[in-house]
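Working notes, structure below.
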Amino acid sequence: MPEVRLVAEDEVSAAQAAALAVLLDLEARWENLRAARSGTPQVPSATPDLQAMQRAYAAFRAQLRTYQTRFSPMHATELLLNTPARLAKWCRQVRDLHRRAGHPAHARCPAYVLEKAYRWADQLTGKRGTERVSRGTPPESAEALIRDLEAVAAWCDALSQVS
């Protein structure tokens, strides 16, 4: 199983961090749509839902190709975040990446990565019978996203200590 590792902070420029942040959000959007569909097998998929998933995947793959041709190291997709330690590490890496990217104040907040973190945290909750990680309002800025990712990481740390 691959180690949870995006890129080391000292390995990337602010431009690469910004491109990777966009890529991660597109990847998370597609994964979240796919997970939502697989989580409700009794409900037949509507054509608009499938088309939305296809568009999200196409946008992710296009951005992945662009990123892979421009930057090194290459981005590894589909990392398992199925333990508190792995999820905490991923949240902190994404947090650090967004700090490095230095998003302008007017930039759209990449909320899909936070939704992905919450989705994995919910899976951990279900497996361990613990309380869900608390959620605030959806983040409207990179600073709020960074704060919320750190809160998920701290929740994972506490969950690891209980186990």
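Give me the number: length gained by fully extending T66 to A14, i.e. 0.36 nm times residue separation minus the C-alpha to C-alpha distance, one decimal in nm.
17.1 nm
Between the alpha-carbon centers of segment 115-163 and segment 43-96, tell me the distance in whole angstrom.
18
So, by mean Cβ neighbours within 10 angstrom, what's the order for 136-144, 148-156, 119-127 with the highest one leading?
148-156, 119-127, 136-144
First check a/c for segment 9-162, with a ≥ b ≥ c the square roots of the eigenvalues of its C-alpha gyration tensor; if it is under 1.5, answer rounded, and if not, answer prolate when a/b is larger than b/c or oblate otherwise.
Judged from the Cα gyration tensor, segment 9-162 comes out oblate (a/c at least 1.5, b/c at or above a/b).
A short reminder: the numbers here are calculations on the coordinates, not readings from a lab. If you're wondering where the values come from, they're calculated on a predicted model, not measured in any experiment. Here the Cβ is made from the backbone with ideal geometry for all residues, glycine too, and neighbour counts use every protein chain on show.
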